[in-house]
Amino acid sequence: MKGEERLRAYRGKRDFGRTPEPSGGLKQHSKKPIFVIQKHAASTLHYDFRLEIGRVLKSWAVPKGPSTDPGVKRLAVPTEDHPTEYAYFEGVIPAGQYGAGTVQVWDIGTYRNLKEIPLERAFEEGHITFWLEGKKLRGGYALMRTGRGWLLVKMNDDYADADRDPVSAQPESALTGRTIEEVAAGR
Ligand code: MN
């Protein structure tokens, strides 16, 4: 898909007169591509993992959130491309709207492609590896398409840590320091 068509699915699901989410455009964020992980208390709680690839945020819903343990594979369900501005969205999607519930920026930062082929191509081939420079997550991660869907796995490097559980130990927003309950309450 080319141009603004990439955001058609995103825009088609939302009424921007009702949701505070950005309608957004195709934009490169900066010289370094960004990633964001948004904790989303929708009908079921999940973590939306988004990587800037080709001027949009490629997105996966990770029910259990990321792990720092290389022995743990986390299911990652592909969702529609989001505009890059979405990386800074933290707030409440009103009842009745798509994805109704609270969104918190759980982690944000830049990343680099660890493969020698362009990330867009690696994505199409269903296997990407990248190095995160976030506030909570650092180091190499892989996202791979398998017969049962995509999986998110920590790579074995200095930042791998089977004893760490950042999802439960570091619940605060990487942007504002707020808990998701404080975001929900508009504080
Ligand atoms: Mn979501």
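The values are calculated or read from the model by the stated rules, or taken from the named source; none is laboratory data. None of the values given here were measured: they were computed from a predicted structure. Note that each Cβ is placed from the backbone with ideal geometry, even for glycine, and that neighbours are counted across all protein chains shown.
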I'd like to verify a number: residues in region 23-56 that are at pLDDT 95 or above, closer than 19 Å to Pro94 by Cα and buried (at least 17 other Cβ atoms within 10 Å of the Cβ), how many? 7
Just give me the residues in region 126-156 being at pLDDT below 95 and either surrounded by 16 or more Cβ atoms within 10 Å (Cβ to Cβ) or outside any strand (DSSP E or B) (or both), in sequence order. Gly147, Arg148
Within region 157-176, work out how many residues are within 20 Å of Gly101 (Cβ to Cβ), in a loop (DSSP other than H, G, I, E, B) and among the small types (Gly, Ala, Ser). 2
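The rows are residues; the columns are (1) touching a residue at least 12 places away in the same chain (Cβ under 8 Å); (2) under 30 Å from Arg18 (Cβ atoms); (3) touching a Cys at 6+ places or on another chain (Cβ under 7 Å).
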{"site": "Tyr86", "(1), (2), (3)": "yes, yes, no"}
{"site": "Glu116", "(1), (2), (3)": "no, no, no"}
{"site": "Glu125", "(1), (2), (3)": "no, no, no"}
{"site": "Lys135", "(1), (2), (3)": "yes, no, no"}
{"site": "Arg145", "(1), (2), (3)": "yes, no, no"}
{"site": "Asp158", "(1), (2), (3)": "yes, no, no"}
{"site": "Ser168", "(1), (2), (3)": "no, no, no"}
{"site": "Gly186", "(1), (2), (3)": "yes, yes, no"}
Being surrounded by fewer than 20 Cβ atoms within 10 Å (Cβ to Cβ), touching a residue at least 60 places away in the same chain (Cβ under 8 Å) and in contact with a Gly (Cβ under 6 Å, 6 or more places away or on another chain): is that true of Gly109 here? yes
I'm trying to understand the selection: among the residues of region 60-80, which are more than 13 Å from the ligand (Cβ to nearest atom) and charged (D, E, K, R)? Lys64, Asp69, Lys73, Arg74
Residue selected from region 40-57 under the condition within 14 Å of the ligand (Cβ to nearest atom) and under 18 Å from Val153 (Cα atoms), by the criterion farthest from the chain's Cα centre (by Cα): His46
Search region 86-124 for residues being among the hydrophobic types (A, V, I, L, M, F, W, C) and assigned to a loop (DSSP other than H, G, I, E, B), and hand back the single one that is nearest to the chain's Cα centre (by Cα). Phe89
